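First up is the structure itself, then whatever we jot down about it.
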Amino acid sequence: MPGTELFGAEERKEIEDVLSTGIMFRFNHDAQRNNIWKAKDFEEEARKITNAKYALAVSNGSAAIMAALAASGIGTGDEVICPPFTYIATVEAVLLLGALPVFAEIDETLCLSADGIKKAITSKTKAVCLVHMCGGNANMDEILKVVNENKLILVEDAGQAFAASYKGTYTGLFGKAGAYSFDFFKIATAGEGGIFVTNDETVYKLADNFCDHGHDHLGSNRGMENHPVIGFNFRISELHAAVGAAQTRKVPQIKAANIKHKALLQSILGKIEGVTFAKLGDDNGDSGTFLNLMLPDTEAAKRVVAEMNTVGVGGFNYWYTNMYHFINQWEHIKELKTASKLPIELLGAPQDYKNLHLPKTQEVVGRLISFGIRCTWTQEEVEALANKIAACIKKALMPVNA
Ligand SMILES: *Cc1c(COP(=O)(O)O)cnc(C)c1O
């Protein structure tokens, strides 16, 4: 959890700025706030890293992805191609907007593949919600080709991929709109926070309205503002934005450390027969937040996980069985268990979610073990961890009859 490793005087100072005026609301109060605008600062820092034309800080990454979908015009009845390996927020956002998730295959990049998207397209497909998983990047050239050929809208959930890029363009900025999360587990954290990005002014303005009850944010009297659209409260507080700004300034340093540690881990573990790593669309665009080990098959991965648990090697995720990121564990989605009726229950699901045939995804996630990289590790700590992991892999992969 890199960001949280570096909490210090910078974050404290930013919070004290806000407390010094007491203005925790991001809009208005110009006379009292002593020119302190932390949400704007947070947006500016995010823009500096991603080169996005427009950034909007919001309450969390889930709100950012919902805003990205809504501002891209995705709503009731629209089929949206989604990955079956993602943080559940992606799928929730699609469902809560009344749209219909269609699950397609991922590949060794851990992201939707162009081929998977192509096979999932129907006459009702409106958009692709691409998720850049585990700090990496998807195969954008191939994906953009399919998206453009089929005149689909591309929205990117880059919740885990802030500061990752592909051939020089930052994740989140290939389609109409994108989203980053700054929750407690990401490369940088605001405690709770998210950033919506786009290069399209109209899409930005719509998101800006949508995330604050439709307010047009014109003039200095909130009570007299107009409301071009129905929206909701996805605002970020100045306190959270203050932390987000300080943390975002540290991202270049965090990313450099992550990448160095990951390279060392891979150079040691890559020598073991049977071990490979998840692919990147662009090797030079990694944010380095995860080491993504690929074992020869699911059974081998499970043996390695068991061995690491026995020995006490922590800090990893085996998404296939343990975590909330993989469709095999999404019973409530498969059963459409809802608090109150959603459009999908009236319209019907576009796929039989209980009987999805996604063999490639099952194989890839089954083989995958992801280690969270810590930016504060020393070289000795990285080497010690690599050696521990290596011993577990070797033991688990040893031929049974040897
Ligand atoms: C973390 C994450 C989110 C949700 O972000 P929150 O800030 O926790 O709401 C959405 N999508 C992906 C891919 C994520 O990893």
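Length gained on full extension, TRP330 to ARG12, computed as 0.36 nm times the residue gap minus the Cα-Cα distance: 110.6 nm.
PRE reach from LEU19 (point 7 Å along Cα→Cβ): which of the range 227-245 fall under 18 Å by backbone N? Hits in the range 227-245 for LEU19 at 18 Å: 237-245. Under 25 Å of direct C-alpha separation, and excluding same-chain neighbours fewer than eight residues apart, LYS394 reaches these lysines: LYS260, LYS262, LYS271, LYS279, LYS302.
Modelled spin-label separation between PHE27 and LEU218, with each label point placed 7 Å from Cα along the Cα-to-Cβ direction: 1.3 nm.
Please give the calculated 222 nm ellipticity per residue for the chain, where each DSSP H segment of at least 4 residues contributes -39500 (n - 2.57) and the sum is spread over every residue; nearest 500 deg cm²/dmol?
Calculated mean residue ellipticity at 222 nm is -11500 deg cm²/dmol.
Which Cα, out of ASN309, PRO343, PHE326, lies furthest along the positive dipole direction of the range 253-397 (beta carbon charges, K/R +1, D/E -1)? About the Cα centre, the residue reaching furthest to the positive side is ASN309.
Per residue, how much accessible area does the chain show when a 1.4 Å probe rolls over the protein heavy atoms, in square angstrom?
Accessible area per residue, the chain: 43 Å².
Classify the range 253-397 as rounded, prolate or oblate, taking a ≥ b ≥ c as the square roots of the eigenvalues of its Cα gyration tensor: rounded when a/c is under 1.5, otherwise prolate if a/b is larger than b/c and oblate if not. Prolate, since a/c reaches 1.5 and a/b exceeds b/c.
The solvent-accessible area of TYR170, taken with every protein chain present and a 1.4 Å probe, is close to 50 Å². You can think of it this way: the chain between PHE232 and GLN253 has 4.0 nm of extra reach, that is 0.36 nm per residue less the Cα-Cα gap.
Charge dipole of the range 253-397 (Cα centre as origin; +1 on each Lys and Arg Cβ, -1 on each Asp and Glu Cβ, all else neutral): 120 debye, rounded to the nearest 20. Between the C-alpha center of the range 314-342 and that of the range 109-138 there is a gap of 19 Å. Across the chain, C-alpha contacts under 8 Å between residues 6 or more apart give a mean separation that, scaled by the residue count, equals a relative contact order of 21 percent.
Spin-label model, ALA339/ASN51: points 7 Å from Cα along the beta carbon direction are separated by 4.1 nm. Across all C-alpha atoms in the chain, the radius of gyration and Dmax reach 21.6, 79 Å.
Here the dipole of the range 185-250 is about 340 debye; that uses its Cα centre as origin and unit charges on the Cβ of Lys and Arg (positive) and Asp and Glu (negative).
Inter-label distance, ASP141 to ALA349: 3.7 nm, where each label sits 7 Å from its Cα along the C-beta direction.
The values are calculated or read from the model by the stated rules, or taken from the named source; none is laboratory data. From a predicted model like this one, the values you see are computed outputs, not experimental measurements. Ideal geometry is used to build each Cβ from the backbone, glycine not excepted, and the neighbour counts take in all protein chains shown. Heavy atoms of the whole protein, side chains included, go into the accessibility calculation; ligands, DNA and RNA do not. Shrake-Rupley method; radii C 1.70, N 1.55, O 1.52, S 1.80 Å.
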